[in-house]
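The values are calculated or read from the model by the stated rules, or taken from the named source; none is laboratory data. The shown structure was predicted, so the numbers you read here are calculated from the model rather than taken from an experiment. Every residue, glycine among them, receives a Cβ derived from its backbone with ideal geometry; neighbour counts consider all protein chains shown. Please note that ligands, DNA and RNA were not included when accessible areas were found on the heavy atoms of the full protein model with its side chains. Shrake-Rupley method; radii C 1.70, N 1.55, O 1.52, S 1.80 Å.
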Amino acid sequence: MACTGIENIDEAITLLEQNNWDLVAAINGVIPQENGILQSDYGGETIPGPAFDPSHPAPAPAPSSSSAFRPVMPSRQIVERQPRMLDFRVEYRDRNVDVVLEDSCTVGEIKQILENELQIPVSKMLLKGWKTGDVEDSTVLKSLHLPKNNSLYVLTPDLPPPSSSSHAGALQESLNQNFMLIITHREVQREYNLNFSGSSTIQEVKRNVYDLTSIPVRHQLWEGWPTSATDDSMCLAESGLSYPCHRLTVGRRSSPVQTREQSEEQSTDVHMVSDSDGDDFEDASEFGVDDGEVFGMASSALRKSPMMPENAENEGDALLQFTAEFSSRYGDCHPVFFIGSLEAAFQEAFYVKARDRKLLAIYLHHDESVLTNVFCSQMLCAESIVSYLSQNFITWAWDLTKDANRARFLTMCNRHFGSVVAQTIRTQKTDQFPLFLIIMGKRSSNEVLNVIQGNTTVDELMMRLMAAMEIFTAQQQEDIKDEDEREARENVKREQDEAYRLSLEADRAKREAHEREMAEQFRLEQIRKEQEEEREAIRLSLEQALPPEPKEENAEPVSKLRIRTPSGEFLERRFLASNKLQIVFDFVASKGFPWDEFKLLSTFPRRDVTQLDPNKSLLEVKLFPQETLFLEAKE
C-alpha cells in the first residue's frame, strides 16, 4: 500500500494472493517500471523503478515512516534487472493450457507453444483476453505491463466446432445441478449445510465460509477437497465433488509464532497495545495477526450486539431487531422505523391517494463509522427531527455493517433506484456513514431527492429535510390536482355508464316484454290452429260419416230442411224421415257449426231442437215433410 498508493487493504491482499504472496511481482503488476530499480529493505529484492543517473544527485526521500521501499541511493550498487516470469492460463473450449514464459518473449511464441499443445495452426488461432485489446504476434510481453498471472482464451472462427460429446453434456448437466456442501468448522465443532450451484466457484464457497466463520480466505485450512480442485477459480461442477452431498472441514491456519493461548492473552490486553506506539501495529503482521484481527479484538470487548442479523430471511424480523437495538443504545425517543420490506414501505408512502402520500426516508446505519453514535444520539434522536419525520416521512432503516446485508441492500437499491444510486452508495467510505436518503415517489419511478451524510448538524439536517419537503409539497399539489380531475372524469364516466346501464336494462325489459307477448300470441295462435285443425278433422269425419242425401223422388218419406246460419246464408238438405235427429246435428257440425257451440231453433213453434233426444227420428220430432230452422250461438 505504501509503494502503490492502494488505499483498500482488501484490494492489496487480493493482489498479493494472485501473485502467491510475491511482493515484488505484486508491485510490478500494479506499477510496471521500465528503467531502473527499487530495492527492498527486507533482503535486497529489487523492484523496477525510475532510472538512476550518477551524474545527478538523488532527491531527498519524502519523510514517510510507513514506506518499506525507497529509491536506490547513489551509494548502492545498481543491479541489472532479471527477466520476469509470467504465468498464462489459456482456455480453449474444454481445455486449459498453462504457459510460463519470460517477459522478454513475444506473443507469437505463446501461439507456437499453443500450436503444439492444441494442434491448431497459428494462422487459424486468435488469442484473446489481453487487457490492452488485440496485440500483434511480434509484441513483446514486457511492453504490455502484465501481472504475473494472466488468463487468456483462444478463438478459432475458421475451424468448425467439435461435435458435442458425452463429457460436455455431463459437464453442462453438472453446471445446472445444486451441490450440498456439509462444512464442519473444526474449532467450534459446528456444521453448516450450504447449497451452491454447479457454476459457483471454489473461491465463492470460501468467501461464504468467511462470512459464517470469520476466518479470512487466506487463513482457511481445508480438508476434503478432491485432488482435482487445484484452483480457486474452478467451478464446483468440474472440481470432482461428490453429488449431491460432499463433506468438507475448515479450520484456521495456525501461526508458526503465535499460539491460540497467546492470541487470547493478547485479546485481553488490547487496551495496553492501543496505548503503545503505532510501530507495534505495523509489526503485527510479522506475528501472524493482520490489522483487521487486531482491531477486531480491540472493539469486540466494547461492541454491542449487532443492529441487524446477518442473512435475515425476513426483512420485517430484521427491522424489529434493529428497532429494539436502536432503542437500547440511544433511548426511546427516535424515529418510528417502518417494520416491513422496502417494497411495503413504498406502498405505504407512495401508492396511496395523493393527499395521504409522504416522503420516504431511508436511514443507512454502519457500526464501524466514527460518526454513527454522534449522528444517532444527537441528531436522529433530537425531538424536533423525530417529530418532523413522524409527521411528514415514512422512515425505513437498514444496517450496512455486515457485508451480506450491504450486498442485499445494494441489490434492492439497484432494482428500485437504478445503478447510479447503487454505485453512489457503494463508493461511500465507512467514515461517511451513516447516510440518510430522501426518496420521493413519482408516476413512473422513484427519485432520490437528497443523500445526507453523517457529518452534519441538527439545524442543517432539519433544513435539508424541509427543503425536500418543499419539493415534495409542490409535486403533491400537482398530483392532488391531477387526481381530483381524474376522479371528476371518472365520476362523470361512472354516471354515464350508470345511465347507459339503466337504459340498457329498460331496453332489455321492453324487449323481453315484447318477446313474451309475441311468444304468448304465438302460443295462442298455435292453440287456435290446433283447435281449428281438430275441428276440421272432426268436420271431415262427420261429413264422411253422413248418409247420402236421398233424392226428391224416393220410395221412403223425405224431409226437406232449410237451415239459416248466423251470417244469413241457408243450408238446404234432404233427409229421410226415418233418419235420427243426430244426423241433422252431424250435418250442421260438418258445415262448421258444432252442436255444442250452436243451438238449432225452430220458428213455429219456437223451440230448441238441440234439447231434443238426438236418437228420435225427424218424423217423431215433427220435422217432416219440411221445416225452416236457424242456428244461434250458445251463450
Residues in segment 344-381 that are assigned to a loop (DSSP other than H, G, I, E, B), β-branched (Val, Ile, Thr) and within 35 Å of the chain's Cα centre (by Cα): how many? 1
Name every residue in segment 382-400 that is assigned to a loop (DSSP other than H, G, I, E, B) and surrounded by fewer than 19 Cβ atoms within 10 Å (Cβ to Cβ), in order of residue number. Ala382
Within segment 573-592, residues under 22 Å from Ile538 (Cβ atoms), touching a residue at least 40 places away in the same chain (Cβ under 8 Å) and surrounded by fewer than 16 Cβ atoms within 10 Å (Cβ to Cβ) come out as Gly592
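If I filter segment 548-572 down to residues being in contact (Cβ under 8 Å) with a residue 60 or more places away in the chain and part of a loop (DSSP other than H, G, I, E, B), which single residue comes out as farthest from Leu629 (Cα to Cα)? Full working, then the answer.
Of segment 548-572, the ones in contact (Cβ under 8 Å) with a residue 60 or more places away in the chain are 557-566.
Next cut, part of a loop (DSSP other than H, G, I, E, B) only: 557, 565-566.
Values: Pro557: 19, Thr565: 9, Pro566: 11 Å.
Only one residue fits best here, namely Pro557.
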Quick one: in segment 533-555, of everything that is open to solvent by 90 Å² or more (accessible area, probe 1.4 Å) and not basic (Lys, Arg), which residue is farthest from the chain's Cα centre (by Cα)? Ala555
Count of residues meeting criterion [buried (at least 16 other Cβ atoms within 10 Å of the Cβ) and either part of a helix (DSSP H, G or I) or over 35 Å from the mean Cα position of the chain (by Cα) (or both)] in segment 208-218: 5
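Please verify whether Leu435 is open to solvent by less than 20 Å² (accessible area, probe 1.4 Å), among the hydrophobic types (A, V, I, L, M, F, W, C), within 30 Å of Ile9 (Cβ to Cβ) and out of contact with any Ser or Thr (no Cβ under 9 Å at 6 or more places or on another chain), treating the condition exactly as stated. Explain how you work it out, then say what you get.
Values: open to solvent by less than 20 Å² (accessible area, probe 1.4 Å): yes; among the hydrophobic types (A, V, I, L, M, F, W, C): yes; within 30 Å of Ile9 (Cβ to Cβ): yes; out of contact with any Ser or Thr (no Cβ under 9 Å at 6 or more places or on another chain): yes.
It is true that Leu435 is open to solvent by less than 20 Å² (accessible area, probe 1.4 Å), among the hydrophobic types (A, V, I, L, M, F, W, C), within 30 Å of Ile9 (Cβ to Cβ) and out of contact with any Ser or Thr (no Cβ under 9 Å at 6 or more places or on another chain).
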Can you name every residue in segment 335-357 that is in contact (Cβ under 8 Å) with a residue 40 or more places away in the chain, farther than 20 Å from Thr323 by Cα and open to solvent by 40 Å² or more (accessible area, probe 1.4 Å)? Tyr351, Lys353, Arg355, Arg357
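Provide a single number: the residues in segment 593-615 that are touching a helix residue (DSSP H, G or I) at 6+ places or on another chain (Cβ under 8 Å) and surrounded by 14 or more Cβ atoms within 10 Å (Cβ to Cβ). Spell out how you get there, then give the answer.
Step one: of segment 593-615, the residues touching a helix residue (DSSP H, G or I) at 6+ places or on another chain (Cβ under 8 Å) are 594-595, 598-602, 609-610, 612-615.
Still in the running and surrounded by 14 or more Cβ atoms within 10 Å (Cβ to Cβ): 594-595, 598-602, 609-610, 612, 614.
Within segment 593-615, residues that are touching a helix residue (DSSP H, G or I) at 6+ places or on another chain (Cβ under 8 Å) and surrounded by 14 or more Cβ atoms within 10 Å (Cβ to Cβ) number 11.
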Tally, over segment 108-157, of residues that are among the aliphatic types (A, V, I, L, M) and either assigned to a helix (DSSP H, G or I) or touching a residue at least 60 places away in the same chain (Cβ under 8 Å) (or both): 10
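For segment 401-449, how many residues are part of a strand (DSSP E or B) and out of contact with any His (no Cβ under 9 Å at 6 or more places or on another chain)? Outline the logic, then answer.
In the first step, residues of segment 401-449 are kept if they are part of a strand (DSSP E or B); the result is 435-441, 446-449.
When the remaining residues are screened for being out of contact with any His (no Cβ under 9 Å at 6 or more places or on another chain), the result is 436-438, 440-441, 447-449.
The number of residues fulfilling the criteria is 8.
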Residues of segment 616-635 classified as open to solvent by 20 Å² or more (accessible area, probe 1.4 Å) and farther than 21 Å from Pro557 by Cβ, total: 5
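Would you mind stating whether Ala468 is surrounded by 17 or more Cβ atoms within 10 Å (Cβ to Cβ) and in contact (Cβ under 8 Å) with a residue 60 or more places away in the chain? Give the steps one after another, and end with the answer.
On the way: surrounded by 17 or more Cβ atoms within 10 Å (Cβ to Cβ): yes; in contact (Cβ under 8 Å) with a residue 60 or more places away in the chain: yes.
So Ala468 passes the test.
Which of the following residues is in contact with a helix residue (DSSP H, G or I) (Cβ under 9 Å, 6 or more places away or on another chain) and in a strand (DSSP E or B): Phe585, Phe630, Phe575?
Numbers: Phe585 fails: in a strand (DSSP E or B); Phe630 fails: in contact with a helix residue (DSSP H, G or I) (Cβ under 9 Å, 6 or more places away or on another chain).
Selected residue: Phe575, the only one of Phe585, Phe630, Phe575 that is in contact with a helix residue (DSSP H, G or I) (Cβ under 9 Å, 6 or more places away or on another chain) and in a strand (DSSP E or B).
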At pLDDT below 90, of a type in the set (Lys, Arg) and open to solvent by 70 Å² or more (accessible area, probe 1.4 Å) - does that describe any residue in segment 522-530? no
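Could you say whether any residue in segment 113-120 is in contact with a helix residue (DSSP H, G or I) (Cβ under 6 Å, 6 or more places away or on another chain), outside the structural domain of Glu238 (by the TED database), of a type in the set (Val, Ile, Thr) and modelled with pLDDT under 90? It would help to see each step written out before you state the result.
Going residue by residue through segment 113-120, those that are in contact with a helix residue (DSSP H, G or I) (Cβ under 6 Å, 6 or more places away or on another chain) are 115.
This time we only want the ones that are outside the structural domain of Glu238 (by the TED database), so: 115.
Now narrow it down to the ones that are of a type in the set (Val, Ile, Thr): none.
No.
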Of the numbered conditions (1) over 28 Å from the mean Cα position of the chain (by Cα); (2) surrounded by 13 or more Cβ atoms within 10 Å (Cβ to Cβ); (3) in a loop (DSSP other than H, G, I, E, B), Phe326 fails exactly one; give the number of that condition. (3)
From the list Ala25, Ala51, pick out the single residue that is modelled with pLDDT under 85 and over 45 Å from the mean Cα position of the chain (by Cα). Ala51
Against the condition surrounded by fewer than 19 Cβ atoms within 10 Å (Cβ to Cβ), under 26 Å from the mean Cα position of the chain (by Cα) and more than 27 Å from Asp332 (Cβ to Cβ), how does Met440 come out, does it pass? no
